1. Any idea which of ASP64, ASP60, ASP84 is surrounded by fewer than 17 Cβ atoms within 10 Å (Cβ to Cβ) and among the charged types (D, E, K, R)?
2. Collect the residues in the range 191-212 that are assigned to a helix (DSSP H, G or I) and surrounded by fewer than 20 Cβ atoms within 10 Å (Cβ to Cβ), keeping them in residue-number order.
3. Quick check on my filter: what residues within the range 171-184 are part of a loop (DSSP other than H, G, I, E, B) and buried (at least 17 other Cβ atoms within 10 Å of the Cβ)?
4. So, in the range 59-75, exactly how many residues are part of a strand (DSSP E or B) and closer than 16 Å to GLY205 by Cα?
5. Can SER39 be described as farther than 18 Å from SER137 by Cβ, touching a helix residue (DSSP H, G or I) at 6+ places or on another chain (Cβ under 8 Å), of a type in the set (Ser, Thr, Tyr) and modelled with pLDDT under 95?
6. When you go through ASP215, ASP159 one by one, which is the residue that is among the acidic types (Asp, Glu), closer than 23 Å to GLU112 by Cβ, assigned to a loop (DSSP other than H, G, I, E, B) and touching a residue at least 40 places away in the same chain (Cβ under 8 Å)?
7. Determine whether the range 118-128 contains at least one residue that is of a type in the set (Asp, Glu), outside any loop (DSSP other than H, G, I, E, B) and assigned by TED's automatic domain parsing to the domain that holds PRO171.
8. So, in the range 142-156, how many residues would count as being in contact with a Ser or Thr (Cβ under 6 Å, 6 or more places away or on another chain) and either in a helix (DSSP H, G or I) or of a type outside the set (Asp, Glu) (or both)?
Amino acid sequence: MKKRIFPDFSWCLMLAVLFCTACASDASDDARVFRYNESANLSSLDPAFARTLEPMWVVDQLFDGLVELDENLEVKPLIAERFDLDSSGQVWTFYLRDDVRFHATDGVPGLEDGRPCKSHDVVYSLNRLRDPSVASSGAWILDAVDSDAIGQGIIALGDSAVQITLKAPFPPFLGLMSTVYANVVPVEAVEFFGVDFRSHPIGTGPFQLAWWMEDVACVLHRNPHHWERDETGQALPYLEAVHISFASDMGAEFQGLKQGKFDFMSGLHPAYMNELLDDSGNLNASYSANIRLETVPFLKTDYIGFYTETDVEVGWKPWQDKSVRQALSAGIDRVSIARNLRRGAVMPSESFVPPVLLGTDAETPSFSEEFPLRVEWAIAVLDSLRSVHPEPWPTLRISTTSDYTDLCAALQFQWGLLGLDVAIDVVSAAAHRERVATGKASLFRKSWLADYPDAENFLGLFHSRNFAPSGPNYSHFSDAKFDAMFEQAM
């Protein structure tokens, strides 16, 4: 059964903080309204444009896709009752449930009373996703589909089955179908609202939009005709409503949690971390009566990126030298950062791919024992390079948002011990995204949250075909050998 409220997975660790007294009386109406805050607001409630975590959470409540991920990150049927793959490994067939209906919506012709979700709705939704005129940020999930096949690779088999043909066998494809991009939308609503479908979403999910006032609040009401049932046969969801506030101040959000205004917070922020957690990363005893702290896995990697594309007219830049980047990596005290800045809520790693996706042990590597030798090696490497480049080296400038100033300050100190001059450029989230996407930040703090649980989703960030701004290769890293190995593995 899909874990609708809220995300399923993490690496770092994700801290879910829940205010317990709000759930004390299940019989009260207030107890059946789930309240949380979203500091980043919502960009769109159209699945085709749900590219960040904030809208993904809401879209996941409003829409359904063919498949979903369970708590073990295994793909399970959702509105597809079952699915199969032919012997060639290229043709997927999804067989739809017969009890799934779109939200009843007054004023939208054909949807006043809702209607069954059919195979042509799935075909329409996926074709819309890859339509260049729509310009969806999720079109890439269908790159493996054979557009030269019948129906451009996506066809309806009657009203209750959909067949998707791939160019070649591609094991991660089923995981891609679990992303919110692949959720099903009704053609009537998209055509009726046009671009305003972003604020008038109609799907088959457990909730439907009641109202949304941008920068103020968003309210979802229970879908009384939702098809899902629990193990006892009771209709889901249990909640009557979800209320989402948009307070940008994380400190104010934590105060709201303490006061019972919010039922849930996700993540760990410097604004309240030291008050909430003790030195061991456990919940402070003063909050144990009213707050429950849950730590769950989270497939996410935080990293420092280096813009590697060279410009011969500008001259040598230290961060574009592989040896310098290796020395900088060696000079990071990952254990100290994880323990002191994040109270053990993240795990130090040198692998961009989370260990759980590599089938390796997730225990903390022995960075503490290795660190002194690593620093000694890094200093030797940089000293050697200074003999080749004796001119003053330019300042290393790390672009970041205010949420990660403490992390970048730690890097500034640690890299300073290597004899490097480091500055921190703190900019707004929008400015940071633009600088990183357009190559205007030579060094930048960034993170990658898995779209689906496969190492391919992380490794794809290094393929040359994924150069930003059209793809997530923000560093413009390019290596023909890596590209060839990546493609062979797929």
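The values are calculated or read from the model by the stated rules, or taken from the named source; none is laboratory data. Only a predicted model underlies this, so the values are computations on that prediction, with no experimental measurement involved. Don't worry about glycine lacking a Cβ; one is built from the backbone with ideal geometry, like all the others, and counts go over all protein chains shown.
1. ASP84
2. GLU191, PHE192, PHE193, GLY194, VAL195, ASP196, ARG198, SER199
3. PRO172, MET177, SER178, THR179, ASN183, VAL184
4. Qualifying residue count for the region: 3.
5. yes
6. Being among the acidic types (Asp, Glu), closer than 23 Å to GLU112 by Cβ, assigned to a loop (DSSP other than H, G, I, E, B) and touching a residue at least 40 places away in the same chain (Cβ under 8 Å) holds for just one of ASP215, ASP159, which is ASP159.
7. So far as the range 118-128 goes, yes, one or more of its residues are of a type in the set (Asp, Glu), outside any loop (DSSP other than H, G, I, E, B) and assigned by TED's automatic domain parsing to the domain that holds PRO171.
8. Of the residues in the range 142-156, 3 are in contact with a Ser or Thr (Cβ under 6 Å, 6 or more places away or on another chain) and either in a helix (DSSP H, G or I) or of a type outside the set (Asp, Glu) (or both).
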